[in-house]
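Here the structure is laid out as structure tokens; the discussion comes afterwards.
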Amino acid sequence: MLSLATGPIPWLLHPTLAALLPRLQLVADCWHLLADPNGSDRRERYLIRGEREPESAYQRRLEAALPSGFFRDALRTFAGMLASSHWRALPASLQAVISDVDGCGTDLGVFLEAADLAVLRDGAALVGVIPPGHSWPSEGDRQQALRNGDRSSLPRLLLLERSDVLNWHLPANHALPDAITWRERLPNSPVGAPDASLEPLGGFSQGMSPDHWHLRTVALEPGVGMQLTTEELVLDRQAPSGWKRQVIEQRQYLGLTALPAIWYASHGSAFGNGELPHLGLAHQYLNHFCRQSDYQELLYRTALPVGVRTGVTGPMGTSAAGEPVVLGPNTVIDLPEGASFQFVEIQARSLAEHRAWLESLDQGMRRDALIPSGAQGAPRTAMEISLAASQAYALLQSQAIQKASMFSSLLQHWCAITGEAMPSNDGPSLVVEVSPLAPPAKAAPTVSEMLTLQERGIISEEALRQWLGDTAGLAPATT
């Protein structure tokens, strides 16, 4: 069974997760538009205060910097394409709760799409099956409870983000885990500003106190089954971390020989591993956000003309030299002989360079997001669009295979818990239909347009005859 050591934190993070946390936080910030789910602002982390920049100017620049939803929308587009799927057959018990597969009213299709989004963002997610919360003295009692609509008498599906899977133990290389520890947020935990006195546990706290989470551990006991332990964190001033773990519930599930959990990862990575497929896009998104803020600041400082007085030394009317000039429809300026007043616009040649840089970054983001058509920016050839479409199709097709495999394993774990037989399917249980992406077809010229081109001498009469024959489906005339 997995042993979690006590130390500066109440649990021990797996080294793989600990090394990945900064990158997971980065993509999570891009997903949440540079804001924590609790509402705190994350823009200050990426928009650095300039040297000798006044605090008031920096705060105004922060407020004016509005991140876009490009990163999130790009991932939702991919997840929407993977959502074009259908299952062949489901166990009767799962079909009965297809509109509430997780006990929270989530439809099965919505659940699978949420899993796709988690994998596209974080590179992996844990999908599991939690056994029923109720245990009955006999099978007849259980069947009667099911007929009465008792949802807790059936398993429920569980989807965990990668950052919530805290630790796991693999008994051997290339083996499935025999123990997994994760955290679940309490349903009624308050969401508000983070407590500055709380140190982030394990490097991330999401602005919540540790007692707003439950720790759950599933572990296999050879020859017996599976044990599910639920713990909470309580204050303990004598503990090094200030918190201690306290067991609140333990359940035994006999007969299970494998943990009902699937590591749904990109590129079929082993348990606990998996690349972040869109990390580069996240970096570009943040770069674009910072450069957009710089451009707005430069535009703000140089867009308005500045009044300049020349030939004025000393007092002028009632205004001393150097004082601001107040202009209005009912005021005039009296200047001495030889003096002049005019508005001068700051040249700001770097504005054009910043604008060009932003356009280049925007095109790069769209290219890395593999948006094959309708992209803004410079025109792209049909070959470039076709290559980008092929790359996107290959990535989606690979992810579709992973999704079908995950769903088959999910049904196996469900049936192992309920005791049902697996549905007999001719092929995979889930069919994901990813249509090949192709550039939009070019509009064919009309007959009048072709005649005009021939009259102007742009195309020859033979070419016109050939085109008319191809359009009509006729073979060219021979002499």
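The values are calculated or read from the model by the stated rules, or taken from the named source; none is laboratory data. Only a predicted model underlies this, so the values are computations on that prediction, with no experimental measurement involved. Every residue, glycine among them, receives a Cβ derived from its backbone with ideal geometry; neighbour counts consider all protein chains shown. Note: areas computed on protein heavy atoms with side chains; ligands, DNA, RNA excluded. Shrake-Rupley method; radii C 1.70, N 1.55, O 1.52, S 1.80 Å.
For segment 263-279, the candidate set comprises residues that are out of contact with any Lys or Arg (no Cβ under 8 Å at 6 or more places or on another chain) and part of a strand (DSSP E or B); within that set, the residue that is least open to solvent (accessible area, probe 1.4 Å) is A265.
Look at A79 and say whether it is within 21 Å of L33 (Cβ to Cβ) and assigned to a helix (DSSP H, G or I). Spelling it out, A79 is indeed within 21 Å of L33 (Cβ to Cβ) and assigned to a helix (DSSP H, G or I).
Annotation: T302 fulfils all but one of (1) hydroxyl-bearing (S, T, Y); (2) at pLDDT below 75; (3) under 41 Å from the mean Cα position of the chain (by Cα); the unmet one is (2).
Residues G123, G128, G149: which one is touching a strand residue (DSSP E or B) at 6+ places or on another chain (Cβ under 9 Å) and at positive phi? Among G123, G128, G149, only G123 is touching a strand residue (DSSP E or B) at 6+ places or on another chain (Cβ under 9 Å) and at positive phi.
Pairs meeting the criteria (first residue in segment 59-79 and touching a residue at least 40 places away in the same chain (Cβ under 8 Å) and under 17 Å from H283 (Cβ atoms), second residue of a type in the set (D, E, K, R) and open to solvent by less than 30 Å² (accessible area, probe 1.4 Å), beta carbons under 8 Å, at least 6 apart or on different chains) are L75/R121. If only residues of segment 317-349 that are farther than 18 Å from P305 by Cβ and surrounded by 10 or more Cβ atoms within 10 Å (Cβ to Cβ) are counted, the one that is modelled with the highest pLDDT is A339. For segment 225-262, taking the residues that are in contact with an Asp or Glu (Cβ under 7 Å, 6 or more places away or on another chain) and open to solvent by 70 Å² or more (accessible area, probe 1.4 Å), the one that is modelled with the lowest pLDDT is identified as K244. Among the residues of segment 85-108, the ones that are farther than 20 Å from N425 by Cβ and of a type in the set (S, T, N, Q) come to 2 in all.
Go through segment 215-242 and give me each residue that's free of Cβ contacts under 8 Å to residues at least 12 places away in the same chain and within 34 Å of the chain's Cα centre (by Cα).
Correct list: G242 only.
Tell me, yes or no, whether segment 131-140 has at least one residue that is hydroxyl-bearing (S, T, Y) and at pLDDT 90 or above. Within segment 131-140, not a single residue is hydroxyl-bearing (S, T, Y) and at pLDDT 90 or above.
Which members of segment 171-197 meet the condition of being open to solvent by less than 70 Å² (accessible area, probe 1.4 Å) and at pLDDT 75 or above?
Hits for segment 171-197 are A172, A175, P177, D178, A179, I180, T181, W182, R183, E184, L186.
Note on segment 102-113: residues that are open to solvent by 40 Å² or more (accessible area, probe 1.4 Å) and farther than 18 Å from P131 by Cβ total 4. Taking the criterion of being farther than 10 Å from P155 by Cβ, in contact with a strand residue (DSSP E or B) (Cβ under 7 Å, 6 or more places away or on another chain) and surrounded by 14 or more Cβ atoms within 10 Å (Cβ to Cβ), the only residue of segment 86-101 that qualifies is W87. Screening segment 114-144 for residues that are more than 25 Å from D426 (Cβ to Cβ) and of a type in the set (V, I, T) and picking the one that is most open to solvent (accessible area, probe 1.4 Å) gives I130.
When the residues of segment 280-299 are filtered to those that are polar (S, T, N, Q) and either in contact with a Pro (Cβ under 9 Å, 6 or more places away or on another chain) or open to solvent by 30 Å² or more (accessible area, probe 1.4 Å) (or both), which remaining residue is modelled with the lowest pLDDT?
In this case the residue turns out to be Q296.
Pairs are defined by a Cβ separation below 6 Å, a sequence spacing of at least 6 or placement on different chains, a first member in segment 279-306 that is among the polar types (S, T, N, Q), and a second member that is surrounded by 19 or more Cβ atoms within 10 Å (Cβ to Cβ) and part of a helix (DSSP H, G or I); the pairs so defined are Q284/M365. Being open to solvent by 40 Å² or more (accessible area, probe 1.4 Å), outside any strand (DSSP E or B), β-branched (V, I, T) and at pLDDT 80 or above: is that true of T471 here? No. Taking segment 40-76 as the range and being crowded, with 17+ Cβ neighbours inside 10 Å and part of a loop (DSSP other than H, G, I, E, B) as the test, the residues that pass are R42, L47, A65, P67. Taking the conditions (1) of a type in the set (A, V, I, L, M); (2) part of a helix (DSSP H, G or I); (3) farther than 30 Å from L126 by Cα; (4) at pLDDT 80 or above in turn, L387 satisfies each one other than (4).
All conditions but one from (1) in a helix (DSSP H, G or I); (2) under 24 Å from S163 (Cα atoms) apply to D102; the one that does not is (1).
S408 satisfies every condition listed in (1) touching a Lys or Arg at 6+ places or on another chain (Cβ under 8 Å); (2) outside any loop (DSSP other than H, G, I, E, B); (3) modelled with pLDDT of 80 or more except (1).
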